[in-house]
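The structure appears right after this line, and notes come after that.
The values are calculated or read from the model by the stated rules, or taken from the named source; none is laboratory data. Remember, predicted model here, so these are calculated numbers, not experimental data. So basically every Cβ, Gly included, is an ideal-geometry build from the backbone, and we count neighbours across all protein chains shown.
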Amino acid sequence: MPELPEVETIRRDLAPLVAGRTITGVEVDPGTLPLLAGAPIETLRANLVGRTIRSLGRRGKYLLFELDDGRWFAAHLRMTGRLVWRERGAPPEPYERAVIQLDDGHDLRWSDLRKFGTWRLHASAEEVTAKLGPEPIDAGLTEAQFRRVLEGRRAPVKAVLLDQRRFAGLGNIYVDEALYAAGVRPDTPAGDLSRAAMGRLYRACREVLERGIAHRGASFRDYVDGQGNEGQQHMFVQVFRRTGKPCYVCGTPIARSIVGGRATHYCPRCQRPARRPRRAGEGARRAG
């Protein structure tokens, strides 16, 4: 499940290798084409072949290839997507679905076990980024802005953090890890968090994402970096996929539940339910 740290690692690996390179060919498995590209292969080739890649950026979980005609080619790995750089004569990758050939004799190989990944061409980067919230690691995101997204919301705090319209780049792994680091139970209504808890969560989201980038992403199953190597972050998780194992802090077995339709991992002792703050006039109504 590539999230911000995994996609950023891939971007850092590939950016110096593809910048200035011209696309000379595009091949896509016919059975994957409708889901991946959403367009006939002839249309895809007409739009990409002959175009030079100016730069490779990222927003949230999207890789953004800037093309020399002003358009942007956006790739989203979804659940099991991989994008690796290989010499043209290298053997096919496992579950290889598509290849972008470059003018220096190398390929960008796209693999996707579950075939959920997408390629889309956009007139501007804003067509992708406009629908995304700020990234928790954005230098300009203040704690006050972070709190305003959470305040008043009755949805579980985990669901709010996973909503890419609210915060871009967070996924199941790093949300579970951030909530644990902040001592916040995942099913707590976001608006019930205290100001102090929101502050802890703001800092925890930054820290776990930065740690994931430093460890080059988490390779629980499908993820590999732009060179085809596994990351190391899965070796440092505190709660994610540690169901039944002792909490590193208190020894309580890590619990698993479903929050917002997603498998969720937390420590029942370190992440206790929040007390709902009393609203103005509530005590008087009860007294009456």
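Structure notes:
- THR80 meets all of the listed conditions (1) within 16 Å of MET1 (Cβ to Cβ); (2) in contact with a Phe, Trp or Tyr (Cβ under 6 Å, 6 or more places away or on another chain) but one, namely (2).
- Restricting the range 124-181 to residues that are of a type in the set (D, E, K, R) and in a helix (DSSP H, G or I) leaves a set whose member that is surrounded by the most Cβ atoms within 10 Å (Cβ to Cβ) is ASP176.
- Single unsatisfied condition, GLY117 versus (1) in contact with a Pro (Cβ under 8 Å, 6 or more places away or on another chain); (2) buried (at least 19 other Cβ atoms within 10 Å of the Cβ): (1)
- So LEU35, is it in contact with a Phe, Trp or Tyr (Cβ under 9 Å, 6 or more places away or on another chain), surrounded by fewer than 17 Cβ atoms within 10 Å (Cβ to Cβ), assigned to a helix (DSSP H, G or I) and not assigned by TED's automatic domain parsing to the domain that holds GLY169: yes
- Filter pass, ILE41 being modelled with pLDDT of 95 or more and either in contact with a Gly (Cβ under 8 Å, 6 or more places away or on another chain) or in the same structural domain as GLY226 (by TED's automatic domain parsing) (or both): no
- Scanning the range 63-94 for residues that are of a type in the set (Asp, Glu) and not in a strand (DSSP E or B) gives ASP68, ASP69, GLU93.
- For beta carbons closer than 7 Å, sequence separation of 6+ or different chains, a first residue in the range 195-207 that is assigned by TED's automatic domain parsing to the domain that holds VAL160 and a second that is part of a helix (DSSP H, G or I) and among the aromatic types (Phe, Trp, Tyr), the qualifying pairs are MET198/PHE146; TYR202/PHE146.
- Residue tally, condition over 27 Å from the mean Cα position of the chain (by Cα) and either assigned to a strand (DSSP E or B) or not small (Gly, Ala, Ser) (or both), over the range 48-59: 2
- Whichever residue in the range 116-140 is touching a residue at least 24 places away in the same chain (Cβ under 8 Å) and more than 17 Å from the chain's Cα centre (by Cα) and, among such residues, is farthest from GLY183 (Cα to Cα): ALA123
- Every condition in (1) touching a Lys or Arg at 6+ places or on another chain (Cβ under 9 Å); (2) crowded, with 24+ Cβ neighbours inside 10 Å holds for CYS205 except the one numbered (1).
- Residues (in contact (Cβ under 8 Å) with a residue 12 or more places away in the chain, in a loop (DSSP other than H, G, I, E, B) and not acidic (Asp, Glu)) located in the range 6-30: ALA19, GLY20, ARG21
- Test: residue in the range 205-216 that is in a loop (DSSP other than H, G, I, E, B) and either within 29 Å of ARG109 (Cα to Cα) or among the β-branched types (Val, Ile, Thr) (or both): yes
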